[in-house]
Amino acid sequence: MKVSASRQSAATGREGGRFPPGVRVGAGALIDDDVRIGGEPFPRKGVDIGRGARIRAGSAVEDDVHIGDRLETGRNIVICEDTSMGDDCHLGNNTIVGSGSRIGDRVHIGANCYIAQLTTIEDDVTIAPGVCFANDPHPGSATQLCMRGPTIERAAQIGMNATILPFVTIGERSLVGAGSVVTRSVPTGLVVAGNPARILKSVAAVSCPLDLAAGEYLAAPREDPDGGEPRRLPARDARV
Ligand SMILES: CC(C)(COP(=O)(O)OP(=O)(O)OC[C@H]1O[C@@H](n2cnc3c(N)ncnc32)[C@H](O)[C@@H]1OP(=O)(O)O)[C@@H](O)C(=O)NCCC(=O)NCCS
């Protein structure tokens, strides 16, 4: 990766003095100069960012945020307070992660996404650009008592510009079509699409549009014990 030394610096934690007390940044992080980390004036509960993070210009990470190793972000991302994220996560340009969200390992979130407060995203989930999650069934409610974000289960995929409404769970390995509005929970291993989203098929029945892949096209990712990229299961191991 080519970097400009004038606009970036290796991150230093408390000892190095770049960030306020309570901010801990792991070794090997590369964080652009105008990135703000921690609450103002100082984080009350602390911020932990693991090793090898790459956080790009214009971004902000608020107080009480805990992130694993190798986070990579685009520009102008915001991670709001009381949020946790695992290892090897990616956030695209302009994406916002609302407070109280819980995000697992190897989660890829594209550009311009709005992850509402109180959302849960499990491991190996992919969220395409422009996706919005909602958390308040009645926007403008004075009490916000029933505010709950969606839950996206392991290895699910959300197509671009989809909207997922409050309380909805997207089941493990399910796929939401582009532009869908998902109003009801989706069981495991299904493709849904449309507004309101309806079941189209099983993910096992999705084929490669260019006919480049044989067998089960959307095989389940499996964690690599050596810590590398998740591998794809052969079709016979995939669960639907
Ligand atoms: C949902 C999806 C996976 C279905 O793909 P598929 O299995 O090849 O399905 P088909 O193209 O055969 O479509 C089956 C039917 O569903 C409809 N359909 C497909 N995708 C749809 C969508 N997103 N919204 C509404 N209807 C959709 C098709 O029009 C077709 O209807 P018909 O039978 O009346 O003609 C795919 O269309 C999709 O939306 N993928 C997400 C792409 C994306 O966002 N990628 C992000 C990275 S850029």
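What to note about this one:
- Residue that is surrounded by the most Cβ atoms within 10 Å (Cβ to Cβ) [pool: residues in the range 68-84 that are in contact with a Leu (Cβ under 8 Å, 6 or more places away or on another chain) and of a type in the set (Val, Ile, Thr)]: 79
- Condition check for residue 191: in contact with a strand residue (DSSP E or B) (Cβ under 6 Å, 6 or more places away or on another chain) and free of Cβ contacts under 8 Å to residues at least 24 places away in the same chain: yes
- Whichever residue in the range 108-135 is β-branched (Val, Ile, Thr) and surrounded by fewer than 23 Cβ atoms within 10 Å (Cβ to Cβ) and, among such residues, is farthest from residue 66 (Cα to Cα): 126
- Output for the range 99-125, where each listed residue is under 20 Å from residue 50 (Cα atoms) and of a type in the set (Gly, Ala, Ser): 99, 100, 101, 104
- Single residue of the range 178-192 satisfying the filter (buried (at least 19 other Cβ atoms within 10 Å of the Cβ) and either within 18 Å of the chain's Cα centre (by Cα) or not hydroxyl-bearing (Ser, Thr, Tyr) (or both)) that is nearest to residue 111 (Cα to Cα): 182
- Of all residues in the range 142-164, those that are within 16 Å of the ligand (Cβ to nearest atom), touching a Pro at 6+ places or on another chain (Cβ under 9 Å) and free of Cβ contacts under 8 Å to residues at least 40 places away in the same chain total 2.
- Residue within the range 85-93 that is crowded, with 23+ Cβ neighbours inside 10 Å, among the polar types (S, T, N, Q) and assigned to a loop (DSSP other than H, G, I, E, B) present: no
- Any hit, the range 223-239, residues being within 12 Å of the ligand (Cβ to nearest atom) and either more than 30 Å from residue 69 (Cβ to Cβ) or modelled with pLDDT of 95 or more (or both): no
The values are calculated or read from the model by the stated rules, or taken from the named source; none is laboratory data. What you see is a predicted model, and the numbers here were worked out from it, not measured in a lab. Note that each Cβ is placed from the backbone with ideal geometry, even for glycine, and that neighbours are counted across all protein chains shown.
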